[in-house]
Each structure stands twice: as C-alpha cells, then as structure tokens.
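Shown next, in structure tokens, is the structure this report addresses.
Since every read-out is calculated from the coordinates, none of them should be taken as a lab result. Quick caveat: nothing in here was measured; it's all calculated off a predicted structure. Methodologically, a virtual Cβ is constructed for each residue, glycine included, from the backbone with ideal geometry; neighbour enumeration extends over all protein chains shown.
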Amino acid sequence: MTRRFTEPRLVVATHNKGKLAELRALLGSHPVELVTAGELGLPEPDETETTFVGNARIKAHAAAKASGLPALADDSGIACNGLDGAPGVYSANWAGPGKDFRPAMARVVGELVQRFGSFEAADRSAAFVSCLCLAWPDGHDEVVEAKVTGMLVPQPRGSHGFGYDPIFVPDGQVQTFAEMAPATKNALSHRTRAFALLKERCFNQT
Ligand code: IMP
C-alpha cells in the first residue's frame, strides 16, 4: 500500500546543493526539515545497478538505513534510442572524472554516426529520465519515474543548463534545453515531472 510521508525530518541522499534547492521548492510549505546525506557524513554507496530505479533505490535505502530516517534519492540521465538506451545510467560517467560534457556529447553523436552511417540517417530520438525513491528505515519505499522525450541535434547549442542539455530538443520545441531560460526548461523537465508524481503520491498538497 502507498505510504504517505508524515515524519518531521527527511534525509536527501545527495551531495548536490542544486537538487536540495529543487526539492525545497517542490515541497512548498510542507513542514519538514531537510538534511543532506553530506551533512550527516553518510558514505556514498556504489551505484552498481543497471537501471535508474535500481540506483535510486540503492542510494535511498543506504541513507535511510544509516541515518534511521526516511531518505529521498534520485537518479537520472539521458537514454538515446539509437544507442539502445545509452548512455543511460552511465550518463555522468561518459563525462569522465573532469565532468566535461563536450566529449560526452561528441561521443553520443559519434556513436550514432558510426552505427547509422550518418547523423541524418540515425534514430535521433532520446529521453531524459528521472527516477526518485523515497525509502524508510523499515525497508518500505515508494518509487516514481518520469521522462521528457525529444530529439538530439548534432551540434551543441546554448549555454544554460548542464550535462547533455545542449544537444537535446524536447518534443514540440525548437530550442535545446540549453537555449531555454532555466524556468522554461524546468517547467518541461523530467525531474519536475517526477517530483510532481512523488508529491501527489506521498506528500500533502500544499
Ligand atoms: P545523477 O542523477 O546525478 O547521477 O546525474 C546523471 C547525469 O545525467 C548527469 O550528470 C547529467 O549528465 C545527466 N542529466 C540528468 N539530468 C539532466 C538534465 O536535466 N540535463 C542534462 N543532463 C542531465
């Protein structure tokens, strides 16, 4: 059965301040104290699963177990249909330790060209996927997943956003995510959609 969140404190299993701010905005006036895994000194578990859901669950359950509090984790990435879903859960890894997404985007385009003969001939459809897992110390969890579908472009365009935003045009739009104002991207994004699903399922409407 679906469990609603009623506790006073929630661990956010991230070391990323941007994600914390997004979550704060999502929860609106819901009365909950947010504390990050970093603040509690919790170790970051290895993301050993091959699905977004699997990795979000690893992170949320590890934080819930170690802290004794409910914990929320997310896992996200871009799945390119012409590459059988790659880079998928390895989206961050493709940028290397320096987190440089220019070579990662060039690799996406290069692998499509290699596989299909040219970029024009390639299946350019792709989706950004966001999975959220809310886990409790007793092992119960609630998982949601959302995506935004779109098409890849061969040359990066735009300077907003991060990651693969410059090569992704969401369906129904002409600009890449990186060409859009951040608020426009956020209104369409996979993360916003996943947060909305979780809020509807587990948090009071505020
Ligand atoms: P993680 O969810 O923190 O593991 O990040 C996964 C990776 O997916 C990020 O490092 C980005 O490369 C990519 N990614 C996830 N969401 C977005 C997005 O909204 N725009 C661009 N890249 C994204």
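Would you mind pulling out the separation of the Cα centroids of region 55-78 and region 144-184, in Å? Centre-to-centre distance over Cα atoms comes out at 27 Å. Using a cutoff of 8 angstrom between alpha carbon atoms and counting only pairs six or more residues apart, the relative contact order for the chain works out to 20 percent. Considering the options 184, 168, 202, tell which one lies farthest towards the positive end of the dipole of region 155-206, charges being +1 on Lys and Arg and -1 on Asp and Glu at the Cβ, about the Cα centre. Ranked along the dipole, the leading option is 202. Each of residue 100 and residue 1 was given a label point 7 Å from its Cα along the Cα-to-Cβ line. The distance between the two points is 5.5 nm. Hey, could you get me the Stokes-Einstein D for region 113-206, Kirkwood radius over alpha-carbon pairs, 10 °C and 1.306 mPa s, rounded to whole µm² s⁻¹? The Stokes-Einstein estimate is 106 µm²/s. Applying 0.36 nm per residue to the separation of residue 181 and residue 39 and subtracting their alpha-carbon distance, the gain on full extension is 48.0 nm.
Take the Cα of residue 123, step 7 Å toward its Cβ, do the same at residue 149, and the gap between the two points is 1.2 nm.
Only the Cβ atoms of Lys and Arg (+1) and of Asp and Glu (-1) were treated as charged; on that basis the dipole of region 9-203 about its Cα centre amounts to roughly 380 debye. Temperature 10 °C, viscosity 1.306 mPa s: under these conditions the Stokes-Einstein estimate for region 1-107, based on its Kirkwood radius over C-alpha pairs, is 103 µm² per second. Listed by number, the DSSP H helices of the chain that run 20 Å or longer by alpha-carbon position along their axis and have mean Kyte hydropathy of at least 0.0 are 52-67, 101-116.
Over the chain, DSSP H runs of length four or greater, each weighted -39,500 (n - 2.57), average out per residue to a 222 nm ellipticity of -9500 deg cm²/dmol.
Taking amide H as placed 1.01 Å from N in the peptide plane, residue 149 has its amide H under 5 Å from the amide H of 171, each at least 5 places away in sequence or on another chain. Could you tell me what percent of the DSSP beta bridges with both partners in the chain are antiparallel, to the nearest 5? Once the DSSP bridges in the chain are tallied, antiparallel ones form about 80 percent. Applying 0.36 nm per residue to the separation of residue 114 and residue 93 and subtracting their alpha-carbon distance, the gain on full extension is 5.5 nm. When only Cα pairs under 8 Å and 6 or more residues apart are kept, what is the percent relative contact order across region 128-206? With pairs under 8 Å counted, the relative contact order is 30 percent.
The orientation-averaged projection of the convex hull spanning the C-alpha atoms of the chain amounts to 11.8 square nanometres.
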